[in-house]
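Please read the structure below before turning to the comments.
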Amino acid sequence: PGGAKRLLVSQLFQPFNLQAGDEAGWEGRAGEPACRSQKLMLQGGLVYPSGPGCYYYLPPAVRAMEKLVKVVDGEMQAVGGQKLNMPSLSSAELWRASGRWDGMGPELFRLADRHGKAYCLAPTHEEAVTELVAAQSNLSYKQLPLRLYQVTRKFRDEPKPRFGLLRSREFYMKDMYTFDASEEAARQTYDLVCNAYRSLFDRLGLPFIKVQAATGSIGGTVSHEFQLPADVGEDRLLLCPDGHFAANMEMLNGERTSCPTCGEKLTQTKGIEVGHTFYLGTKYSSISNAVFYSPRNKPQLAEMGCYGLGITRILAASIEVLSTEDSIRWPSLIAPYQFCFIPPKRGSKEEEEGVTLLERVYDSLAEALPHLAGDSVLDDRTQLTIGKRLKDANKLGYPYVVIAGKRVCEDPPVFEVWNQNAGEVLFLTKEGVIELLSKVQVP
């Protein structure tokens, strides 16, 4: 009866090509450099290219992404975020009013409907959300702060999409927009959301740096980026070795060489931007007249902030910074599957006993820990040796691999358990396996 529910590797739609080397067509143009995360995601059957900067996200990548979104939801709701969803089609009138229809240049994907009305595919939603809040004509100060966020597909006509999901034309983003009654309250919200981002990256075990940044086409007066240091990063960062100062070089125009606090020489590193926060003031609320009524019943412009997290970029960037050249390593919280079970090879002397015992562990785990039930896969490709399947499992980055090897015929049976992130191998009974795996966290 448990058999129908088991996830079998042979049945998963994960067209992996783990024989490294075939890089043709990955960038769309031969000879273009591919980075580690892109190679690993293509080899591991996580993504498949459909055109320049556009990808199919295959089931394991979608599982990882859904887990990441759950973690993000938890952090956003902890700071009072309310989730909504805004249209991808945004009217040109809105963008013209803010000056960004022309200001964004060719990055905007533009189109017209059958009536000749102009739209863009939104890369970001400041105009749209401000319009929405402005339409609530009797918003009271008692309803503030308002913290609205979404996780949606965004579009940017990148001139040179590259590095897989690190710079694509279609991507998933979490964007939050906040409305406060005063500048002081808006700055408190800013600190609160920045701390939620810190908490998120800490939980994922990602080594981020928060740096001062330029406000760019979004605008506002204060801005920070959350960067993951990496050689393929396109941002150049200047850091104080003692941690007093960190900034994106584009903000400093290369003028500063020493720390403004301690005078130490700044060091340079490259980073991948995975989050960006902006204090906007009334830049957008003044255009749409997004007002609330004060305690004295006077209309006042809301003070705004906006906060982005690149969901698909975090997936790729975390693989980029945690993995080895030929093996994916996930932040353990968001690995697509936590456990891979490997039964004996067909025709081996352990086969008969080993298969039954391993399936029993698989089923017992699902019963004992129902919240982990969907997180196990059984590598039923028993025509392959255990060693070959273990190598594949290692490349795909399952945090735990449970093997029915030679010692499964002992009394009591002993299983080999690889804890990939700790780099250790344990020999455990069925009870030991379940106890070890019960400590695993999933969102």
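The values are calculated or read from the model by the stated rules, or taken from the named source; none is laboratory data. Please read these numbers as outputs of a predicted model, since none were measured by experiment. Virtual Cβ from ideal backbone geometry, glycine too; neighbours counted across all protein chains shown. The accessibility values were calculated without ligands, DNA or RNA, using every heavy atom of the protein model including side chains. Shrake-Rupley method; radii C 1.70, N 1.55, O 1.52, S 1.80 Å.
Residue by residue through the stretch 160-170, which ³J(HN,Hα) values in whole Hz follow from phi under the Karplus form 6.51 cos²θ - 1.76 cosθ + 1.60 (θ = phi - 60°), with glycine and proline marked x?
Running phi through 6.51 cos²θ - 1.76 cosθ + 1.60 with θ = phi - 60° gives 9, x, 7, 6, x, 6, 6, 9, 10, 8, 9 Hz.
Using a Gaussian network model of the chain whose springs link C-alpha atoms within less than 10 Å, name the residue from N419, N138, N195 with the highest mean-square fluctuation.
Taking springs between Cα atoms under 10 Å, the residue moving most is N138.
Which ³J(HN,Hα) values, rounded to whole Hz and listed in residue order, are derived for the stretch 90-107 from phi using the Karplus coefficients 6.51, -1.76 and 1.60 in 6.51 cos²θ - 1.76 cosθ + 1.60 with θ = phi - 60°, glycine and proline given as x?
Those phi angles translate into 10, 6, 4, 4, 4, 6, 5, 4, 8, x, 8, 4, 8, x, 7, x, x, 5 Hz.
Quick one: dipole size for the chain, taken about the Cα centre, charges +1 on Lys/Arg Cβ and -1 on Asp/Glu Cβ, in debye to the nearest 20.
About 660 debye.
Given the pairs K83/K174; K349/K406; K391/K430, which are separated by over 18 angstrom at their Cα positions?
Exceeds cut-off: K391/K430.
Could you check the simple spin-label distance between Q11 and T385, using points 7 Å along Cα→Cβ, in nm with one decimal?
My value for the distance between the label points is 2.9 nm.
Tell me which trypsin sites (Lys or Arg not before Pro) from the stretch 276-372 have a DSSP coil assignment and no more than 13 other beta carbons within 10 Å of their own.
Listed in order of number, the matching sites are R296, R346, K349.
Which of P52, P207, P331 moves most in a GNM of the chain, Cα contacts under 10 Å?
P207
As an exercise, find the ratio Rg/Rh for the stretch 24-177 from alpha-carbon atoms, using the Kirkwood inverse-distance average for Rh.
1.03
Would you mind calculating the gained length between E264 and R96 on full extension (0.36 nm times residue separation, minus the Cα-Cα distance), in nm to one decimal?
Length gained between E264 and R96: 56.0 nm.
Which of the chymotrypsin sites (Phe, Trp or Tyr not before Pro) found in the stretch 189-226 are in a DSSP loop and have at most 14 neighbouring Cβ atoms, other than their own, within 10 Å?
For chymotrypsin sites (Phe, Trp or Tyr not before Pro) across the stretch 189-226 that sit outside H, G, I, E and B with at most 14 neighbouring Cβ atoms in 10 Å, the list is empty.
Under 20 Å Cα to Cα from K160, which aspartates and glutamates show up? Leave out anything in the same chain fewer than 8 places away.
E23, E27, E32, E107, E170, D231, E234, D235, E250, E273, E320
222 nm [θ] for the chain, helices only, -39500 (n - 2.57) per DSSP H run of 4+, per residue, to 500?
Taking each H run of at least 4 residues, the total per residue is -8500 deg cm²/dmol.
So how exposed is L333, as accessible area in Å² (1.4 Å probe, rounded to 10)?
Probe radius 1.4 Å; accessible area of L333 about 20 Å².
For N195 and K349, what does the FRET efficiency come to when R0 = 60 Å and r is the distance between their Cβ atoms, rounded to the nearest 0.05?
The pair N195/K349 has a calculated efficiency of 0.55.
Scan the chain and report its longest stretch carrying no GluC sites (Glu not before Pro) that are both in a DSSP loop and have at most 10 other Cβ atoms within 10 Å.
1-254
Among T261, T178, T189, determine the one that fluctuates most according to a GNM of the chain built with springs between C-alpha atoms less than 10 Å apart.
T261
Per residue, how much space in cubic angstrom lies within the convex hull of the C-alpha atoms of the stretch 175-285?
Value for the stretch 175-285: 120 Å³ per residue.
With the other protein chains left in place, how much accessible area per residue, in square angstrom, belongs to the chain at a 1.4 angstrom probe?
Accessible surface, normalised per residue, equals 45 Å².
Here are several values of Cα extents along the principal axes in Å: [x] 81, 59, 49; [y] 69, 64, 40; [z] 66, 58, 54. Which one was derived from the coordinates shown?
Computing Cα extents along the principal axes in Å and matching it to [x] 81, 59, 49; [y] 69, 64, 40; [z] 66, 58, 54 gives [x].
Using bins 5 angstrom wide from zero, how does P(r) for the stretch 337-438 break down, in % of all Cα pairs?
Percent of Cα pairs in each bin: 2, 14, 27, 27, 20, 8, 1.
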